[in-house]
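These notes concern the structure reproduced below.
The values are calculated or read from the model by the stated rules, or taken from the named source; none is laboratory data. What you see is a predicted model, and the numbers here were worked out from it, not measured in a lab. Heads up, the Cβs are rebuilt from the backbone with ideal geometry, glycines too, and the neighbour counts pull from every protein chain shown. With ligands, DNA and RNA removed, areas are computed over all heavy atoms of the protein, side chains included. Shrake-Rupley method; radii C 1.70, N 1.55, O 1.52, S 1.80 Å.
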There are 2 protein chains.
Amino acid sequence: MKALQEKILTDGIVLSDTVLKVDTFLNHQMDPVLMKEIGEEFGKRFEKEGITKILTIESSGIAPAIMAALKLNVEMVFARKRKSLTLQDGLITSKVYSFTKKEENEISVAEKFILPIDRVLIIDDFLANGQAALGLMDIVKKAGADVGGVGIVIEKAFQDGGRLVRETGVKVESLARIESLKGGQVTFVPTKQGVTS
Amino acid sequence: MKALQEKILTDGIVLSDTVLKVDTFLNHQMDPVLMKEIGEEFGKRFEKEGITKILTIESSGIAPAIMAALKLNVEMVFARKRKSLTLQDGLITSKVYSFTKKEENEISVAEKFILPIDRVLIIDDFLANGQAALGLMDIVKKAGADVGGVGIVIEKAFQDGGRLVRETGVKVESLARIESLKGGQVTFVPTKQGVTS
């Protein structure tokens, strides 16, 4: 997705060979116009998948997910990272290890929001080690529903997550795929001629 | 706001005289069409306030805030409830006590995202005891910026928050104001004739 790639190049900050900071437009401050375009792009890429619900995880997944939900005309649910007082019974949970924060979180979704008839599109801001996406897929599976796809804003293609998630057979669409951050430079995975990424 | 009041009446669950559960459309599952309407309503109510930025707090504030940001054509920032590894320096922080969760959180925003020239619209899903809104106002003040208004999706008008925030002199717009949850019934604050709420 060209607008996103350009935004990454102009506003992203490479902090190390593995860390890209995009807090000016994606995961702290958010650009609403770009979010809308991202939602529409997810909508386009998954419009034939019979999606009935979108699942994401708090917090940075929520804005792209609500925009995709608007485009696909389905409701969106976000998984919480820990239990809150008003949400204790009837939860589906999974454990997710965050390599960035070096901690394990329990993520949870109220079971009433994902039904066996659902075909769920999982949306997240980053795909790196794949733990969040796999945890969300685990929740969908425990609900007895189908995963209709995984939509990622930025994939760090040099880490394991993309391979791990694609190996499950699910359709993964990443709007920007980063091949390398070496030397402080963002390099995108080359796309096939005629194929927009 | 009529569509919101109707949604509260049909889908909200009164758990006690003080707790209204709206997790089917606002703070766990989200209805994207309603979120868009909420964003547009905030836009309408604050369009003359010279807003340059929207500030909310993770997680349930993000969807209404991004929709309002889209309508007002400004960027949105969400305050985090605890520090993450990639966001430690250059933070503005405030302490917020949550009566629901019975815990104090430090909320933080990167200082580069709120500048003294900014006129900030604060958006949140609920206004009850007012601690989150006051914490966000404190952050704006510490940044040297102005609060241009506070936009709330659901105000529990029988709790102290509305009074505390309005006493500061700031313009508060709540899209649904609940007078009482007694007897398992949602009663809205009566609106002046000819004034939509």
Is it the case that some residue within the range B:54-66 is open to solvent by 10 Å² or more (accessible area, probe 1.4 Å), in contact (Cβ under 8 Å) with a residue 24 or more places away in the chain and over 15 Å from the mean Cα position of the chain (by Cα)?
-> no
With respect to B:PHE188, determine if the residue is among the aromatic types (Phe, Trp, Tyr), open to solvent by 10 Å² or more (accessible area, probe 1.4 Å) and within 22 Å of B:GLU37 (Cα to Cα).
-> yes
Taking the range B:101-112, which residues are more than 19 Å from the chain's Cα centre (by Cα) and in a loop (DSSP other than H, G, I, E, B)?
-> B:LYS102
Considering residues that are within 17 Å of A:ARG80 (Cβ to Cβ) and more than 8 Å from chain A (Cβ to nearest Cβ), the number found within the range B:57-72 is 3
Log entry, pairs with first residue in the range A:153-164 being open to solvent by 60 Å² or more (accessible area, probe 1.4 Å), second being part of a strand (DSSP E or B), beta carbons closer than 6 Å, six or more apart or on different chains, reads A:PHE158/A:SER180
Failed condition for A:LEU115, given (1) more than 9 Å from chain B (Cβ to nearest Cβ); (2) buried (at least 20 other Cβ atoms within 10 Å of the Cβ); (3) not in a helix (DSSP H, G or I) = (2)
Scanning for something open to solvent by 10 Å² or more (accessible area, probe 1.4 Å), modelled with pLDDT of 95 or more, more than 11 Å from chain A (Cβ to nearest Cβ) and within 29 Å of B:GLY184 (Cβ to Cβ), does the range B:40-53 turn up at least one residue?
-> yes
Restricting attention to the range B:12-30, does a residue exist that is modelled with pLDDT of 95 or more and part of a helix (DSSP H, G or I)?
-> no
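Tally time: how many residues in the range A:136-157 are part of a helix (DSSP H, G or I) and either closer than 18 Å to B:GLN29 by Cβ or hydroxyl-bearing (Ser, Thr, Tyr) (or both)?
Applying the first criterion (part of a helix (DSSP H, G or I)) to the range A:136-157 yields A:136-142.
Subsequent filtering for residues that are either closer than 18 Å to B:GLN29 by Cβ or hydroxyl-bearing (Ser, Thr, Tyr) (or both) retains A:136, A:139-140, A:142.
Final tally of qualifying residues: 4.
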For residues that are surrounded by 19 or more Cβ atoms within 10 Å (Cβ to Cβ) and part of a strand (DSSP E or B), tally how many sit in the range B:118-135.
-> 8
State whether one or more residues within the range A:90-99 are part of a strand (DSSP E or B), at pLDDT below 95 and among the aromatic types (Phe, Trp, Tyr).
-> yes
State yes or no: is B:MET30 of a type outside the set (Asp, Glu) and under 24 Å from A:LYS81 (Cα atoms)?
-> yes
Tell me, which residue of the range B:8-19 that is open to solvent by 10 Å² or more (accessible area, probe 1.4 Å) and out of contact with any Leu (no Cβ under 6 Å at 6 or more places or on another chain) is farthest from A:LYS112 (Cα to Cα)?
-> B:THR18
Evaluate the range B:70-78: report whether one residue or more is touching a residue at least 24 places away in the same chain (Cβ under 8 Å), in contact with an Asp or Glu (Cβ under 6 Å, 6 or more places away or on another chain), assigned to a helix (DSSP H, G or I) and not β-branched (Val, Ile, Thr).
-> yes
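Does A:ARG80 satisfy the condition of being basic (Lys, Arg), within 27 Å of B:GLU37 (Cβ to Cβ) and away from chain B (no Cβ under 14 Å)?
Working: basic (Lys, Arg): yes; within 27 Å of B:GLU37 (Cβ to Cβ): yes; away from chain B (no Cβ under 14 Å): no.
Spelling it out, it is not the case that A:ARG80 is basic (Lys, Arg), within 27 Å of B:GLU37 (Cβ to Cβ) and away from chain B (no Cβ under 14 Å).
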